[in-house]
Amino acid sequence: MKLRIKFRKYGVMKFIGHLDMMRYFQKVMRRADIDIAYSGGFSPHQIMSFASPLGVGLMSNGEYLDIEVHSWTSSDQMLFYMNQVMAEGVEILAVRKLPDNAKNAMSSVAFADYTIQFREGYEPSFSLSEILTEFLLQPQILIEKQTKKSSRQVDLKPLIQKLLLTKDGGVFMRVSAGSVENIKPELVMDAVYHFAGEERGEFALEITREDLYDENGWSLIDVGEEF
């Protein structure tokens, strides 16, 4: 059976990189006595895949991994067993059974929600509400996106679904994510600052990824069902 697990990552665990999180969850499966399936061959490994790597230093309320299991109890019991062996800074939020024809989490991601707060002393001097409105009225939002080997010009305009000021003075955004276009929230905020004629401080932002969505706008956890 294919399962999808939703978890949050917070506190000091936000400094743990993607590869270490993969190793961490492999140990979690063993400690929680989850009957996870293994690949064949000379070097079998747990059948496990993550939706989208989270940048080091970012928190999240909506991370996902898919696993395959040979046997199972129930959604609530598996959630309980895993949280019993979880380190502080990681919490399982939901476990769902996936349909047989469901795409894996990584290939399903199309959009991501982020909330951004400003660290004390790093708040922008310009009016965010005014700048965000004017920023989105631009016919194009052209930026230089750096890749490992080069850079290319990208129009952010069609890649930003939502960008607004929150009640507590932060910023909420929904942007394209996944394998086709993956827009980092820092890139959007850099463009906002540039539009306002300022430079963003290196440590100005506290970023939380809130959730991941497929091309139909469904949260990745809503694809599955409780068991």
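Quick notes on this structure:
- Within the stretch 163-209, considering residues that are over 16 Å from the mean Cα position of the chain (by Cα) and among the basic types (Lys, Arg), the one farthest from residue 56 (Cα to Cα): 167
- Looking across the stretch 1-14 at every residue that is surrounded by fewer than 20 Cβ atoms within 10 Å (Cβ to Cβ) and within 13 Å of the chain's Cα centre (by Cα), the one that is nearest to residue 78 (Cα to Cα) is identified as 8.
- In the stretch 23-33, the qualifying residues are those that are out of contact with any strand residue (DSSP E or B) (no Cβ under 7 Å at 6 or more places or on another chain) and hydrophobic (A, V, I, L, M, F, W, C), and the one that is surrounded by the most Cβ atoms within 10 Å (Cβ to Cβ) is 28.
- Note on the stretch 162-176: residues that are in contact with a Lys or Arg (Cβ under 9 Å, 6 or more places away or on another chain) and assigned to a loop (DSSP other than H, G, I, E, B) total 0.
- Within the stretch 184-227, the residues that satisfy the criterion of being among the acidic types (Asp, Glu) and outside any helix (DSSP H, G or I) are 198, 199, 202, 206, 210, 211, 214, 215, 225, 226.
- Restricting attention to the stretch 28-86, the residues that are closer than 20 Å to residue 108 by Cα and either without any contact (Cβ under 8 Å) to a residue 60 or more places away in the chain or aromatic (Phe, Trp, Tyr) (or both) add up to 6.
- Within the stretch 58-73, the set of residues being surrounded by fewer than 18 Cβ atoms within 10 Å (Cβ to Cβ) and either among the basic types (Lys, Arg) or modelled with pLDDT of 95 or more (or both) comprises 61, 68, 69, 70.
- Filtering the stretch 125-159 to residues that are surrounded by 11 or more Cβ atoms within 10 Å (Cβ to Cβ) and assigned to a strand (DSSP E or B) leaves 142, 143, 145, 154, 155.
- Set 17, 41: member being assigned by TED's automatic domain parsing to the domain that holds residue 97, on the phi > 0 side of the Ramachandran plot and surrounded by fewer than 17 Cβ atoms within 10 Å (Cβ to Cβ): 41
- Residue 173 falls short on exactly one of the conditions (1) modelled with pLDDT under 95; (2) buried (at least 17 other Cβ atoms within 10 Å of the Cβ); (3) more than 25 Å from residue 49 (Cβ to Cβ), and that condition is (1).
- Among the residues listed as 159, 205, 220, the single one being among the aliphatic types (A, V, I, L, M) and free of Cβ contacts under 8 Å to residues at least 60 places away in the same chain: 159
- Every pair of residues 6+ apart whose Cβ atoms lie under 9 Å, when the first sits in the stretch 131-152 and is within 22 Å of residue 170 (Cβ to Cβ) while the second is acidic (Asp, Glu) and surrounded by 10 or more Cβ atoms within 10 Å (Cβ to Cβ): 141/155; 143/155; 143/190
- When the stretch 74-95 is filtered for residues that are surrounded by fewer than 14 Cβ atoms within 10 Å (Cβ to Cβ) and of a type outside the set (A, V, I, L, M, F, W, C), the ones remaining, listed by number, are 74, 76, 77, 84, 88.
The values are calculated or read from the model by the stated rules, or taken from the named source; none is laboratory data. What you see is a predicted model; the values in this text were computed from it and never measured. With ideal geometry, Cβ positions are generated from the backbone for all residues, glycine too; neighbour counts draw on all protein chains shown.
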